[in-house]
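Colleague: Got a structure for you, written out below as C-alpha cells; questions coming shortly.
The values are calculated or read from the model by the stated rules, or taken from the named source; none is laboratory data. Given the structure is predicted, the values throughout are model-derived calculations rather than measurements. Here Cβ is always computed from backbone atoms with ideal geometry, including for glycine, and neighbour counts include all displayed protein chains. For accessibility, only protein heavy atoms count, side chains too; no ligands or nucleic acids. Shrake-Rupley method; radii C 1.70, N 1.55, O 1.52, S 1.80 Å.
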Amino acid sequence: MGHRRPTYLERSERGQCFSGGCTRRPVRMITFRGDLVWACDSHEHADGLYS
C-alpha cells in the first residue's frame, strides 16, 4: 500500500478545489462526472464535463 493521491471528491470534501495539485481557493460548486464538487475560478469551466 503506497501513498494514494486523493480523488477529486475527497479534495472537494476537504474544501479544496477538486482539480489535483490546484491550491487556489474554491469559489463555486460545479458538476464534474455527475458529482457536485468545489472548483476555483480557473477550473469552474469544467462544469458539466464527463457527466
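Colleague: What are the residues in the range 14-35 that are open to solvent by 100 Å² or more (accessible area, probe 1.4 Å) and in contact (Cβ under 8 Å) with a residue 24 or more places away in the chain, if any?
Modeller: Residue satisfying the conditions is Arg33 alone.
Colleague: Could you check, for the range 6-13, whether at least one of its residues is touching a helix residue (DSSP H, G or I) at 6+ places or on another chain (Cβ under 9 Å) and buried (at least 19 other Cβ atoms within 10 Å of the Cβ)?
Modeller: no
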